[in-house]
Amino acid sequence: MRKTYNDIEEGLIGGLIAAVVLICYALSCMGCATTQCPPCVAEVETITVKVPVLACNPPEELPALTYPSWPLVPTAASEDDWKTFYADVTATLAAREKILQSRIAALEELLDHYR
């Protein structure tokens, strides 16, 4: 008789475990069945495609740089000749700087064309 009670106890414990598992499964299935899908919202996405430089037209040719030549240094000259020489050097330096600034502006314009 003792053996019968053990069999009954084991059957009840197994049945309870099976019932709990079955109830958990049923609850999880009901939760999925009653859950509604969120509304579909269209997303607009802008994609920027950058064209590689190799696909662009070649840049226009810039003219070659031509600088004014430096004044010649006087070997045996008076003080006025030296002053004239330094004034010529300053004027030549300013002219070269102006040429380089215009070249930089032209190159920046070319770069802006490719953006």
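For this structure, a couple of remarks:
- Crossing angle, helix 2-34 versus the chain [Cα axis fit, 0-90 degrees, rounded to tens]: 40
- The GNM of the chain, with springs linking C-alpha atoms under 10 angstrom apart, assigns the highest mean-square fluctuation among Leu100, Leu54, Leu12 to Leu12.
- Between 0 and 90 degrees, the angle of helix 79-113 with respect to the longest Cα principal axis of the chain falls at about 30 degrees.
- From largest to smallest, the equivalent ellipsoid semi-axes obtained for the chain from the alpha-carbon gyration tensor read 99, 23, 12 Å.
- Structure-based [θ]222 nm, the chain - -39500 (n - 2.57) summed over DSSP H runs of at least 4, per residue, nearest 500: -21500 deg cm²/dmol
- Relative frequency of Cα-Cα separations exceeding 18 Å in the range 62-113, percent: 48
None of the figures in this text is laboratory data; all of them are computed from the coordinates on show. Given the structure is predicted, the values throughout are model-derived calculations rather than measurements.
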